[in-house]
Amino acid sequence: MRSLKQKTYYPFVLGCAMNYADAERVKSVLETLGYVEGQQEEKADLILVMSCSVRQKAMDRIYGKGKIWNQWKKERPLFTVLSGCVLPEDRPKMKSIFDVIFQIKEVDKLGEMISKRVNEYEDIIPGSAYFKIPPKYSSSFQAFLPIQAGCNKFCTYCAVPYTRGPEAYHPASQIMEEVEDLARRGFKEITLLGQTVNSYKNTEEPDAHIQTFADLLRFVAEAAPRTWIRFISPYPTDFTEELVEVIATHDNICKTIHMPVQSGNNEVLRRMARKYTREQYLEKVRMIRAALPDTSLTTDCIVGFCGETEEQFQDSLALFDEVKFDMAFTAQYSPRPGTTSGRFFKDDVPREVKKDREERLTKVLAKHSAAFNARLVGKNLPVLIEKEKVGFYHGRTEHNKPVRVPAISDGEQRVGAFADVRITSSTTWNLTGELMQ
């Protein structure tokens, strides 16, 4: 039997920002158990995996790694732990790799599960202590702050409702305490997270003055006035006029909005069980553009969904041209076991057709991304410097555009701070600039 007095852990995080935020809470628990984070996977005593079931590629990576970890277990003591998004259909395969599999909402029980060597933990309990676990922030100046977990939308292609359960909300009073603490500690960027972040409701505190996401975002912006505020990922139908007004009237709320569309065709949207039409989505875009004409608008889109015809795909191309998204996360549809589309729909679009459609959609995206970036050339913009590498500072604008700036040696610490940057050139996806003296 392997010893449970392990001292180092290695995090292997896949998927969305929520998984990275969840990992910060798991790290906090592991360190209270006596573990410290290690930098070398091959020397770790415990490997923590935050899984993503949305894409088959992520699961394939875990299977590949699992073969290596199982070999290591024959050679030395190694404990493996899995959380994040794990579909019930994937669990039997995971049992051959992981010593503990747990639902993230039960992270407070991780120590007990490790000590008892639990192999399965079934229940999803919305009222769990997840939000009470303090995170171990991976950065000293950027923080992910989960305000909502789970999802009630049940899109036919999506695993999240099955892996994370129904929507649960972080009480507003606790969110504000965390925001105020981050502001006091000098954090420069806070990202509010949720599977459908703008569906937030303060259900635990019905008499509080913060009830909706618009209420919450307003108070977060005012509590941390020198901090950039971001949020991901909103759901289109929950974008209200009040929310857009809050974004427009607070300078520290970054003027970049990520609003997943998934398809530009109404019949495909219906099969996906997205709760809006193409026309309703475009109306939300017009509302946003009217109040925020210079905002960056980004999206998610799936190509090759079950039954998607060329004509239906053309509607997605046309929508990308009409909205002029300056960034998008596109993906070729892959069925996930246990989801509605995985069980009842035929994955009938050939792989080479999916690949071709994604490439064509990316060409349209690239055209509008290049035009958006070109408009920034010559402007002086604040940039949050995230790292220094090989003689350059690398950071991002409030529009979330990557910027590379030649580093200078003047004794000033710029990583983790805002810098005034003049944008000197642009490419399709990136910007180059120079520090303003």
Filtered residues of segment 140-151 (kept if modelled with pLDDT under 90 and more than 14 Å from the chain's Cα centre (by Cα)) | none
Going by the structure shown, is L48 surrounded by 21 or more Cβ atoms within 10 Å (Cβ to Cβ) and free of Cβ contacts under 8 Å to residues at least 60 places away in the same chain?
-> yes
Can you spot a residue in segment 115-132 that is outside any loop (DSSP other than H, G, I, E, B), modelled with pLDDT of 95 or more and over 30 Å from R343 (Cβ atoms)?
-> no
Check whether at least one residue in segment 368-382 is over 23 Å from the mean Cα position of the chain (by Cα), in contact (Cβ under 8 Å) with a residue 40 or more places away in the chain and over 17 Å from D294 (Cα atoms), and report yes or no.
-> no
Return yes when K284 is part of a loop (DSSP other than H, G, I, E, B), in contact (Cβ under 8 Å) with a residue 24 or more places away in the chain and surrounded by 14 or more Cβ atoms within 10 Å (Cβ to Cβ) and no when it is not.
-> no
Within segment 412-437, considering residues that are surrounded by fewer than 13 Cβ atoms within 10 Å (Cβ to Cβ) and over 20 Å from V377 (Cβ atoms), the one modelled with the lowest pLDDT = E412
Inspect all residues belonging to segment 54-69 and state whether any of them is among the basic types (K, R), part of a loop (DSSP other than H, G, I, E, B), in the same structural domain as E37 (by TED's automatic domain parsing) and surrounded by 13 or more Cβ atoms within 10 Å (Cβ to Cβ).
-> yes
Which condition breaks for F313 when tested against (1) exposed (fewer than 14 other Cβ atoms within 10 Å of the Cβ); (2) touching a Lys or Arg at 6+ places or on another chain (Cβ under 7 Å)?
-> (1)
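To keep it simple, each residue is scored yes or no on (1) out of contact with any strand residue (DSSP E or B) (no Cβ under 6 Å at 6 or more places or on another chain); (2) within 16 Å of K132 (Cα to Cα); (3) in a loop (DSSP other than H, G, I, E, B).
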| position | (1), (2), (3) |
| --- | --- |
| Y157 | yes, no, yes |
| M176 | yes, yes, no |
| D181 | yes, yes, no |
| T191 | no, no, no |
Residues (modelled with pLDDT of 85 or more and surrounded by 21 or more Cβ atoms within 10 Å (Cβ to Cβ)) located in segment 83-99 = S83, G84, C85, M94, F98
From the options L297, L269, residue that is modelled with pLDDT of 95 or more and either closer than 18 Å to Y157 by Cβ or in a helix (DSSP H, G or I) (or both) = L269
Among (1) under 20 Å from H399 (Cα atoms); (2) surrounded by 22 or more Cβ atoms within 10 Å (Cβ to Cβ), which single condition is N265 missing?
-> (1)
Considering only segment 302-343, state which residues are part of a loop (DSSP other than H, G, I, E, B) and either under 20 Å from the mean Cα position of the chain (by Cα) or within 15 Å of L269 (Cα to Cα) (or both).
-> G304, F305, C306, G307, E308, T309, F325, D326, Y333, S334, R336
Six or more apart or on different chains, Cβ under 8 Å: which pairs go from a residue in segment 318-332 that's at positive phi to one that's at pLDDT 95 or above and among the aromatic types (F, W, Y)? Could you list them?
-> K324/F372
S28 surrounded by fewer than 18 Cβ atoms within 10 Å (Cβ to Cβ), closer than 22 Å to E112 by Cα and modelled with pLDDT of 80 or more | yes
Over segment 1-25, the set of residues at pLDDT below 70 and either buried (at least 18 other Cβ atoms within 10 Å of the Cβ) or outside any loop (DSSP other than H, G, I, E, B) (or both) is Q6
In segment 221-250, residues that are modelled with pLDDT of 95 or more and within 14 Å of I190 (Cα to Cα) total 11
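The values are calculated or read from the model by the stated rules, or taken from the named source; none is laboratory data. No experiment lies behind these values; they were computed from the predicted model shown. As a convention, Cβ positions derive from the backbone with ideal geometry for all residues, glycine included, and neighbour counts pool all protein chains shown.
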